[in-house]
């Protein structure tokens, strides 16, 4: 469904379990950044009524996810650490084509958002299936479902502003590039991406 070309190495879950405080901290900041990105898109494209209408509730939802992760940290007597540079997202952002029309720039931004949500969904699925703790497995199952919906929303929004053919073509470029990024990144249990 997600179209990702390189699955996450299953050993990632073992690494996550050995550094729960780090992964939950990184996860919290990922949710905060997702909310911020939706706000940014609304501010940059206020004339896109459908985008504004669809993303406004996602801002609230992503911020709610941030708060849910904070509760998971507190429940385990863990602390929210410092936000770290997200190499994965930075490498995706470098792939964004410069120039072009406002719609083409919007396409680039929406596809980056869709890809981040798709990879999060895939990783949350692994956590929901492989973590030892049942409660945390359920937590990640719920978030996996939300991320899948967000991934679809970003793709659908792109198709509402540009031709389906153009969206599909550029999406394939992003999927190919993302697979290369995943090959280059070190496998770490303290990062969602």
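The values are calculated or read from the model by the stated rules, or taken from the named source; none is laboratory data. The structure presented is a predicted model; accordingly, all values stated were derived computationally and were not measured. Quick reminder, even Gly has a Cβ in these numbers, built from the backbone with ideal geometry, and neighbours come from all protein chains shown.
Points to keep in mind about this one:
- Residues that are farther than 13 Å from residue 113 by Cα and under 15 Å from the mean Cα position of the chain (by Cα), drawn from segment 142-178: 142, 143, 144, 145, 146
- Matching entry among 14, 31, 21 (being in a helix (DSSP H, G or I) and over 25 Å from residue 64 (Cα atoms)): 14
- Selection within segment 80-91 - at pLDDT 95 or above, crowded, with 17+ Cβ neighbours inside 10 Å and out of contact with any helix residue (DSSP H, G or I) (no Cβ under 6 Å at 6 or more places or on another chain): 88, 89
- Counting residues in segment 52-64 that are assigned to a helix (DSSP H, G or I), under 18 Å from residue 190 (Cβ atoms) and out of contact with any strand residue (DSSP E or B) (no Cβ under 8 Å at 6 or more places or on another chain) gives zero.
Conditions tested, residue by residue: (1) at pLDDT 95 or above; (2) loosely packed, with under 14 Cβ neighbours inside 10 Å; (3) under 18 Å from residue 112 (Cα atoms); (4) under 20 Å from the mean Cα position of the chain (by Cα).
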position: 21; (1), (2), (3), (4): no, no, no, yes
position: 28; (1), (2), (3), (4): yes, no, no, yes
position: 41; (1), (2), (3), (4): yes, no, yes, yes
position: 55; (1), (2), (3), (4): yes, no, yes, yes
position: 60; (1), (2), (3), (4): yes, yes, no, yes
position: 67; (1), (2), (3), (4): yes, yes, no, yes
position: 78; (1), (2), (3), (4): no, no, no, no
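- Breaking point among (1) within 25 Å of residue 180 (Cβ to Cβ); (2) buried (at least 17 other Cβ atoms within 10 Å of the Cβ), for residue 94: (2)
- Residue count for segment 43-53, restricted to those that are surrounded by fewer than 13 Cβ atoms within 10 Å (Cβ to Cβ) and in contact (Cβ under 8 Å) with a residue 24 or more places away in the chain: 1
- Matching residues in segment 152-193 - criterion: being assigned to a loop (DSSP other than H, G, I, E, B), within 22 Å of residue 19 (Cα to Cα) and in contact (Cβ under 8 Å) with a residue 24 or more places away in the chain: 185, 187, 188, 189, 190, 191, 192, 193
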